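The structure appears right after this line, and notes come after that.
The values are calculated or read from the model by the stated rules, or taken from the named source; none is laboratory data. Not measured: the values here are computed from a predicted model. Positions of Cβ are generated from backbone atoms using ideal geometry, with glycine treated the same way; all protein chains shown enter the neighbour counts. Heads up: the accessible areas ignore ligands, DNA and RNA and are worked out on the full protein's heavy atoms, side chains in. Shrake-Rupley method; radii C 1.70, N 1.55, O 1.52, S 1.80 Å.
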Amino acid sequence: MMESLVKDLRFAFRSVLKNRAFSAAVIVTLGLGIGANTAIFTVVDASLLRSLPYREPERLVHLWETNQKDQSVQREYSYPDYLDLKQQDRLFEDVGGYSDRNVTLSYGDAKERRQAVRVTSNFFTLLGVEAELGRTFSTDDDRSGVAGLVVLSDGFWQRRFGGDRSILGKPINLNGIDCLVLGILPERFKFAPVADAELWIPLTPSNEEVSRRYQHWLNVVARLKPDVTVQQANSGAVAVATQFQNVDPQYHKGAVIKVVPLREQIVGPIRPLLFVLLGSVAFVLLIACSNVANLLLVRSTARHQEIAIRLALGATRWRLVRQLLTETVVLASLGGLFGLLLVRWGVDLVLAAIPALQRNFEQSLSIDSRALAFTATISLLTGIVFGVVPGLRTSNTDIHTLLRGGKRSAGDGGNRIRKLLSVAEIALAMVLLIGAGLMLRSLWRLMQVNPGFNPQNVITFQLSLPAARYQSADKAGLFYQQYFTRLESLPGVKGAGAVNKLPLVGGTTGSFQIEGERAFQPGQEPRVNLRTVSYGYFHAMEIPLLYGRNFTESDNPQSPPVLIVNHTLAQQVFSGNPVGKRLKFPFLDNALEVVGVAGDEKVGPQDGAITPVAYFPLLQDGDLATSFVVRSSGDHTSLVNAARQELKALDSDLFLYHVESMEHHIANRPATVMRRGPGFLIFGFACVALLLALIGIYGVISYSVQQRTTELGIRIALGAERSDILKLVLKQALALMVTGSAIGLVVALALTRFLSTMLFEVNTKDPTTFGAVVFLLSLVTLLAAYLPARRATRVDPIVALRYE
């Protein structure tokens, strides 16, 4: 048996080398399909199948506070809530918290902003993560009065300090405070909710954070007890939520505690997308295999004489099928090897399309034994499954007819199989094209959303004032006034303003009561997005003022507190013009008078609804971390350089960071990124599928014309016009297209529902997309069939009648 197998393999390799053009076509076609599938499998394996790099990760959960009305809302906890959750030792073995923030890293004369995370002292112990060098935080490292401490990520340590071990125990300056480096985290460690974090510092809450139960800012993770399931934890958390409501009915009315497995928290939003990509590349592989099967069937025609001789010499049909299958498996294996060469490139393409994967799982995306096993398995199955039919067909040969030099008739079963394969290719290509069309149409609709401001010719940058030197609102306000004056005097500047959070990034929310009117019931208070803006913000962003007045330089700490609301808040709460009303917020001592109503701008995701917004004047609020917006008609690079120079003239210790255009800011919001990259990726798969389908149709029609040469010659000899022959051949191609399209439409209607969560203002049965794809496939089919059809019209009747 082994000797026979070795002979089959040797013959298969000789056949591959002898038929180089045919072998190259098969290897490249299968390689594209297998490589794409291996790349997607590598990503799915890293994100969905592998264990998270923590101790017993299945017991780790993320806790959120939601409400009974809308449990899709995920809200952080206040610090008092966190302390109460730590007491739930019946459900949780340990509970920890984290909150991300940006810090200013100073070294010498240079300064830069870095992503940091404040964590409770038990955070790393809870995850089961130990430092690669030094140590992580220990008990009481987060209590007030402890000297500054910091733990570094491996990536930051390598980039900033060149992997120097002597940095342990030495201070680095963060926000003007010297912090001792305690340890270096393992290279593979990433905590996905804050995957870009480089610095980890103890979470020491302020007095206000400790006492204010309504101030939600702390993310909470927990480790379940060994005998507690997620379902049991969610059931047990009902009593804890009731406790919250009883202790603080004003701000916790209707509160619900939601326990989410940590893996679900990390990959939940992208899981449907990964399955869609996996299905897409599977379709590409099926189309590639159909094409290869077609090529094998065509090649089998040329081998009938060889097969007949083998049968005449005593070979059994099973022996021939085994030999032909060996050849197919060898070709598929070579295709798999070629596909492996494309995997790294394919993985990089997927990471570029879905940045969340790169942030969270890049270090796990390696071509390891699991990926190699997947490639080997899929190559072997491809060779066997799609080599069986051509093998059986080739071995089913009429020895006597072929040995006499005869040929198969044009209407044999092989031609029917080729037509069925072409129909399958068209159907699969249609499904992919419709999916890609829906995704791209959804992206286009998202980009057409009116953000409520004019993003063109606006540059943004951020600035953070050190609290040690700008602790009072007066000092911060004076600095902002001087800087705005300098910015507005720069050549080409049409307006300059500042906001604590740029549009489309969400932010802090709060509730209020209306002074002098009936108080809202606990849990029924209007919730609004809280924004702090400068007096020039609305002008710079070209947001219209509908009622009342704008903020001015006079709205400073010495003047009565005021605010501006957006149109949505005015309509939902006041049903008209609220100018003159006074609103009372729980975190402020005095009520604020509404002095104006601004037009609606998108402060949350592009695909979300317009939310109520309350704007506070920057000079009264005194935020230290601020984003500037500058509208100009000049070159952005020179404008930023000039803005840096003006900043240095005011305070040489300050610097600008996160510089980008507003259009770039919008284009890189999660709602857009999660549609743009995958949409173009699926579109790329669809284009490959369309090309393969085109090749398949061309091959079938060409072979059919060749087989019908005698028939076509007779028709022409009997007086058929060239146009009649053209119509006859094109009609055959259109019949394939109509059948394939009908099947593809039915399959697409069934499968596009899985795209519903990824679409924006586009129905999964969008007639425009379906119609455009049908038209495109019809056009491509006619183009693929035109050359063979044109060749058919040039058949010489004399030559055709002598063909046999």
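Please determine whether any residue of region 175-192 is on the phi < 0 side of the Ramachandran plot and in a helix (DSSP H, G or I). Yes. Checking the stated criteria, Glu525 turns out not to satisfy the condition of being of a type in the set (Asp, Glu) and open to solvent by 40 Å² or more (accessible area, probe 1.4 Å). Against the criterion of being within 30 Å of Leu380 (Cβ to Cβ), among the hydroxyl-bearing types (Ser, Thr, Tyr) and open to solvent by less than 40 Å² (accessible area, probe 1.4 Å), Ser47 qualifies. Considering only residues that are touching a helix residue (DSSP H, G or I) at 6+ places or on another chain (Cβ under 6 Å) and not in a helix (DSSP H, G or I), look in region 614-629 and name the one that is most open to solvent (accessible area, probe 1.4 Å). Step by step, filter region 614-629, then rank; the result is Gly622. Please indicate, with yes or no, whether at least one residue in region 520-543 is in contact with a strand residue (DSSP E or B) (Cβ under 7 Å, 6 or more places away or on another chain) and acidic (Asp, Glu). Yes; the residues of region 520-543 include at least one that is in contact with a strand residue (DSSP E or B) (Cβ under 7 Å, 6 or more places away or on another chain) and acidic (Asp, Glu).
Considering only region 71-91, state which residues are over 21 Å from Val210 (Cα atoms) and among the small types (Gly, Ala, Ser). If the condition is that a residue be over 21 Å from Val210 (Cα atoms) and among the small types (Gly, Ala, Ser), then Ser72 is the only one that fits. Just one of the listed residues (Thr768, Thr781) is at pLDDT 90 or above, of a type in the set (Ser, Thr, Tyr) and under 28 Å from Gly435 (Cα atoms), and it is Thr768.
Taking Arg344, is it of a type in the set (Lys, Arg), assigned to a helix (DSSP H, G or I) and modelled with pLDDT under 85? Criteria not met by Arg344.
Within region 125-141, the set of residues being open to solvent by less than 30 Å² (accessible area, probe 1.4 Å) and either of a type in the set (Ser, Thr, Tyr) or within 26 Å of Asn207 (Cβ to Cβ) (or both) comprises Leu126, Thr136, Phe137, Asp141. Would you confirm whether or not region 197-215 contains a residue that is surrounded by 15 or more Cβ atoms within 10 Å (Cβ to Cβ), closer than 30 Å to Glu525 by Cβ and in contact with a strand residue (DSSP E or B) (Cβ under 7 Å, 6 or more places away or on another chain)? Scanning region 197-215 turns up at least one residue that is surrounded by 15 or more Cβ atoms within 10 Å (Cβ to Cβ), closer than 30 Å to Glu525 by Cβ and in contact with a strand residue (DSSP E or B) (Cβ under 7 Å, 6 or more places away or on another chain). Taking the listed residues Phe386, Phe361, the one that is closer than 19 Å to Leu49 by Cβ, buried (at least 21 other Cβ atoms within 10 Å of the Cβ) and modelled with pLDDT of 70 or more is Phe361, with no other qualifying.
Looking at region 65-121, which of its residues are of a type in the set (Lys, Arg) and farther than 30 Å from Trp157 by Cα? Within region 65-121, Lys69, Arg75, Lys86, Arg90 meet the criteria. Exactly one residue among Arg75, Arg101, Arg90, Arg118 is surrounded by fewer than 18 Cβ atoms within 10 Å (Cβ to Cβ), basic (Lys, Arg) and closer than 23 Å to Ile184 by Cβ, and that residue is Arg101. Within region 83-93, does at least one residue satisfy the condition of being closer than 30 Å to Pro522 by Cβ and among the aromatic types (Phe, Trp, Tyr)? Within region 83-93, one or more residues are closer than 30 Å to Pro522 by Cβ and among the aromatic types (Phe, Trp, Tyr). Taking region 46-59 as the range and being more than 16 Å from the chain's Cα centre (by Cα) and in a helix (DSSP H, G or I) as the test, the residues that pass are Leu49, Pro57, Glu58, Arg59.
Hey, any hits in region 580-601 for a residue that's crowded, with 18+ Cβ neighbours inside 10 Å and within 33 Å of the chain's Cα centre (by Cα)? There is at least one residue in region 580-601 that is crowded, with 18+ Cβ neighbours inside 10 Å and within 33 Å of the chain's Cα centre (by Cα). Please verify whether region 202-214 includes one or more residues that are at pLDDT 90 or above and among the aliphatic types (A, V, I, L, M). Yes, because at least one residue in region 202-214 is at pLDDT 90 or above and among the aliphatic types (A, V, I, L, M).
Within region 364-373, can you find the residues that are more than 19 Å from the chain's Cα centre (by Cα) and buried (at least 20 other Cβ atoms within 10 Å of the Cβ)?
Result: Ala371, single match.
Yes or no, residue by residue, for (1) on the phi > 0 side of the Ramachandran plot; (2) part of a helix (DSSP H, G or I); (3) modelled with pLDDT of 85 or more:
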site: Ser4; (1), (2), (3): no, yes, no
site: Asp8; (1), (2), (3): no, yes, no
site: Leu63; (1), (2), (3): no, no, yes
site: Val73; (1), (2), (3): no, no, no
site: Leu83; (1), (2), (3): no, yes, yes
site: Asp94; (1), (2), (3): no, no, yes
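Taking the criterion of being within 51 Å of the chain's Cα centre (by Cα), surrounded by 15 or more Cβ atoms within 10 Å (Cβ to Cβ) and farther than 13 Å from Ala789 by Cα, the residues of region 708-737 that qualify are Leu736, Met737.
If you take the residues in region 746-776 that are outside any helix (DSSP H, G or I) and not aromatic (Phe, Trp, Tyr), which one is nearest to Ala671 (Cα to Cα)?
Top of the filtered list is Leu759.
Among the numbered conditions (1) open to solvent by 60 Å² or more (accessible area, probe 1.4 Å); (2) more than 30 Å from Leu691 (Cβ to Cβ); (3) of a type in the set (A, V, I, L, M, F, W, C), the only one that Phe13 does not meet is (2). When Leu337, Leu349 are screened for being surrounded by fewer than 19 Cβ atoms within 10 Å (Cβ to Cβ), closer than 30 Å to Arg271 by Cβ and either at pLDDT below 80 or of a type outside the set (Val, Ile, Thr) (or both), only Leu349 passes. In this structure, is Phe512 within 22 Å of Asp248 (Cβ to Cβ) and surrounded by fewer than 17 Cβ atoms within 10 Å (Cβ to Cβ)? Spelling it out, it is not the case that Phe512 is within 22 Å of Asp248 (Cβ to Cβ) and surrounded by fewer than 17 Cβ atoms within 10 Å (Cβ to Cβ). Is there a residue in region 210-233 that is part of a helix (DSSP H, G or I), more than 15 Å from Leu83 (Cα to Cα), over 31 Å from the mean Cα position of the chain (by Cα) and not acidic (Asp, Glu)? Yes, there is a match, as at least one residue in region 210-233 is part of a helix (DSSP H, G or I), more than 15 Å from Leu83 (Cα to Cα), over 31 Å from the mean Cα position of the chain (by Cα) and not acidic (Asp, Glu). The set of residues in region 165-196 that are surrounded by 15 or more Cβ atoms within 10 Å (Cβ to Cβ) and of a type in the set (Gly, Ala, Ser) comprises Gly183, Ala192, Ala195.
Restricting attention to region 643-675, the residues that are open to solvent by 70 Å² or more (accessible area, probe 1.4 Å) and farther than 23 Å from Lys111 by Cα total 3. Against the conditions (1) touching a residue at least 24 places away in the same chain (Cβ under 8 Å); (2) over 30 Å from Glu187 (Cβ atoms); (3) out of contact with any helix residue (DSSP H, G or I) (no Cβ under 7 Å at 6 or more places or on another chain); (4) assigned to a helix (DSSP H, G or I), Gly33 satisfies every one except (3).
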